[in-house]
Amino acid sequence: MNSKTELWRQAPVQPANLRRMIRYFAVLSLSVSLSLGACVQHRQLVRFNEGPAFENLSPELPDAAVRLQPGDLVEIRISSPEPMADQVFQPPGDRPEIYRLDGQGQLRLPLVGTVRLGGLHEAAAQDTLIARLGRYIREPVVQLRLYNFRFTVLGEVARPGAFLHSGDQLNVLEALGTAGDIGPYGNRRQILVIRQRAGRRAFARLNLHDRAVFDSPYFYLQPGDIVLVEPMKTKTAVTADPGAKMLQWLVPILSFASLLATLLN
């Protein structure tokens, strides 16, 4: 064994060196603590990991289908073996006709007149139109779709923006998926849903960690809903405080400088 190495092992630790080592480990501990505090923990990213177990939740599904409202736009395609149907109801170009419900939720069709559809689901609205059309044409077939099911997703998602949904049901998970899902700094406990119908505005917060979110009346969205994913405090602190940004880089540099000084002395 090298004699210098043996002497180094037998030499007592000098007080000055001991102070340097203590200082180094103190700075290193501070660096690690700050780094861990700035990281997003795994449990903050996992959904549905709180609350009652899934098997203990209500097995009954709520009525989530959207009901037609005054002012809604509906896309309607009407066909029948009766030649008159194509002449009266089918616009040129083989495209469905777009109708708007009036302030009382009523729809005016050629030949048929006024039909009240407000408050009905799409399927019930189709049945209502078939029953009325059956008085004038043979074996009518009606395809009806809500045309203005628009929703908006903002905040900590990959692709924020306004979207158009083609079905009559949409839940908040599907809406978030359409927007590219929640980013790593999105607060899954604070999903704000803003809803406005019939001149009234309502707000609700959804917690995607809680399994009971499936029972919330805001889990299924309505046309015009806005979904806002708020940022976690971790991102807010990092992006809003320039000192926090500098500290993240300064602490590791000081730690390395302290270690280097200890080794050289």
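The values are calculated or read from the model by the stated rules, or taken from the named source; none is laboratory data. Bear in mind that the values here come from a model prediction, so they are computed numbers and not experimental data. Cβ coordinates were reconstructed from backbone atoms using ideal geometry, including for glycine residues, and neighbour counts include every protein chain displayed. All accessible areas refer to the heavy atoms of the entire protein, side chains included, with ligands and DNA or RNA removed. Shrake-Rupley method; radii C 1.70, N 1.55, O 1.52, S 1.80 Å.
Estimate the FRET efficiency between T114 and E75 by the formula 1/(1 + (r/R0)^6), using the beta-carbon distance for r and 30 Å for R0, to the nearest 0.05.
0.95
Under 5 Å between amide hydrogens, which residues at least 5 positions from L206 or on another chain qualify, with H placed 1.01 Å from N in the peptide plane?
So L206 has HN proximity to I191, L192, V193.
With all distinct Cα pairs included, what does the Kirkwood hydrodynamic radius of segment 122-192 come out to in Å, to one decimal, could you say?
Computed over Cα pairs of segment 122-192, the Kirkwood hydrodynamic radius comes out at 14.7 Å.
Using a 7 Å offset from the Cα along the Cα-to-Cβ direction at both Q104 and R189, what is the distance between the two label points in nm, to one decimal?
Between Q104 and R189, the simple spin-label model gives 5.1 nm.
Evaluate the Kirkwood expression for the hydrodynamic radius of segment 94-158, namely the inverse of the mean inverse distance over all pairs of different C-alpha atoms, and round to one decimal in Å.
It is 13.7 Å.
Measure off 7 Å from each Cα along the Cα-to-Cβ vector at R138 and N171, then give the distance between these two points in nanometres to one decimal.
It is 4.6 nm.
If you project the alpha carbons of segment 137-232 onto the principal axes, what extent comes out on each, in Å, largest first?
Principal-axis extents of segment 137-232 (Cα, largest first): 60, 27, 25 Å.
Given R₀ = 35 Å, what would the calculated FRET efficiency be for A123 paired with M84, taking r from the Cβ atoms and rounding to 0.05?
The value I calculate is 0.85.
If amide H atoms are built 1.01 Å from N in the plane of the peptide, which residues on other chains or at least 5 residues away come under 5 Å of the amide H of V115?
L107, R108, L109
Got a sec to turn the phi values of segment 71-78 into Karplus ³J(HN,Hα) couplings, 6.51 cos²θ - 1.76 cosθ + 1.60 with θ = phi - 60°, whole Hz, x for Gly and Pro?
x, 5, 9, 10, 9, 10, 10, 10
Of the options L101, Y147, L170, report the single residue whose Cα projects farthest towards the positive end of the charge dipole of segment 84-170 (beta-carbon charges: Lys, Arg +1; Asp, Glu -1).
L101
Output wanted: per-residue J couplings in Hz (rounded whole) for segment 140-150, from phi through Karplus 6.51 cos²θ - 1.76 cosθ + 1.60, θ = phi - 60°, x for Gly and Pro.
x, 10, 10, 10, 10, 9, 5, 8, 10, 7, 9
Calculated FRET efficiency, N148 and S216, Cβ-Cβ r, R0 25 Å, to nearest 0.05?
Computed FRET efficiency for N148 and S216 comes out at 0.55.
Whose amide H sits under 5 Å from the amide H of N187, counting only residues 5 or more places off or on another chain, with H placed in the peptide plane?
Counting only residues 5 or more places away or on other chains, the set is E230, M232.
Quick check: at a probe of 1.4 Å, how many percent of the accessible area of segment 95-228 sits on carbon and sulfur atoms?
With neighbouring chains kept in place, the figure for segment 95-228 is 48 percent.
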